[in-house]
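*Asks:* Input: one structure, supplied below.
The values are calculated or read from the model by the stated rules, or taken from the named source; none is laboratory data. Everything quoted here is computed from the prediction, not taken from an experiment. FYI the Cβ positions are ideal-geometry reconstructions off the backbone, even for glycines, and counts take in every protein chain you see. Surface areas here come from the heavy atoms of the whole protein model, side chains and all, with no ligands, DNA or RNA. Shrake-Rupley method; radii C 1.70, N 1.55, O 1.52, S 1.80 Å.
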Amino acid sequence: MKPAQTYLADFVSLLFPQLCPACGESLMAGEHVICTDCRFNLPFTNFHLQPDNIVARQFWGKVNLEAAYALYYFAKGGKIQNLMHHFKYRGMQQIGVLLGNIAGGQLTKNDIFKTVDIIIPVPLHKKRLRQRGYNQSTCFANGLAEKLNTPVDETSLVRTKATETQTHRSRFSRFENMQEVFAVIEPEKLKNKHILLVDDVVTTGSTLEACAMQLLKIEGVKLSIATIAYAE
């Protein structure tokens with residue numbers, strides 16, 4: 001016989017059903033954040049199995065990376081865009097943590113990512129952080145950390161300038177817009193570390209490149225990149 005709390009939960013879910021942020025369908029009992037169908041059928045890249053994947057190639061000849069990775073392909077109007085909208089603008093931080101867990105599970109199968117010492121999320125400017133209330137890259141980093149058993153460092157890399165949205169800029173304009181935007185605090189703490197730099201979506205890679213250029217100035221640093229999605 002079901003306990004009274006279970007009946008109450010079932011009744012509440014009938015009145016206020018929880019919806020999958022990817023497809024909009026109601027979550028069934030036992031489903032968490034994302035429905036089972038989406039969890040298994042979202043557009044995985046499998047870049048953890050491809051050392052010369054598209055994301056890695058974006059940085060060839062620009063910054064020296066150990067490895068680069070994105071969990072999903074991002075397509076306009078697709079399920080990943082729906083997920084990212086709920087994650088970034090509707091306060092669903094749990095999406096980032098869950099996707100970090102999924103990505104971390106994949107990265108534990110890659111020997112390069114097993115050597116990561118510290119995870120650093122791309123920082124938001126203080127003004128943007130106050131507006132949004134959280135850094136989506138940190139949520140993703142926290143989910144990765146649970147699987148990789150690696151600490152997250154939110155203080156060593158800072159954003160010193162507030163920048164306008166990159167959405168409608170050209171690649172060169174994005175690169176110019178990101179110059180001198182980031183700085184490293186107490187770089188001696190990161191000496192000789194393998195850093196995993198993480199962001200939500202990579203398009204041209206200009207933001208990650210700007211961060212990477214600062215981190216790679218530190219003695220002995222090795223750098224890898226991981227993102228939730230790659231926008232083709």
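*Asks:* Looking at (1) buried (at least 17 other Cβ atoms within 10 Å of the Cβ); (2) over 16 Å from Val201 (Cβ atoms), can you tell me which one Val122 breaks?
*Replies:* That leaves (2) as the condition not met.
*Asks:* Then there's this: Pairs please, first residue from segment 122-138 and modelled with pLDDT of 95 or more, second anywhere and aromatic (Phe, Trp, Tyr), Cβ atoms under 6 Å, 6+ apart in sequence or on different chains.
*Replies:* Pairs that qualify, where the first residue is modelled with pLDDT of 95 or more and the partner is aromatic (Phe, Trp, Tyr), are Gln136/Phe87.
*Asks:* When Ile120 is evaluated against the numbered criteria (1) in contact with a helix residue (DSSP H, G or I) (Cβ under 8 Å, 6 or more places away or on another chain); (2) among the aliphatic types (A, V, I, L, M); (3) in a helix (DSSP H, G or I), which criterion, by number, is the only one it fails?
*Replies:* (3)
*Asks:* Then there is this: Anything in segment 23-53 that is in a loop (DSSP other than H, G, I, E, B) and hydroxyl-bearing (Ser, Thr, Tyr)? List them, or say none.
*Replies:* Answer for segment 23-53, where residues must be in a loop (DSSP other than H, G, I, E, B) and hydroxyl-bearing (Ser, Thr, Tyr): just Thr45.
*Asks:* Restricting to segment 179-220, count the residues that are in a loop (DSSP other than H, G, I, E, B) and open to solvent by less than 20 Å² (accessible area, probe 1.4 Å).
*Replies:* Total meeting the criteria: 3.
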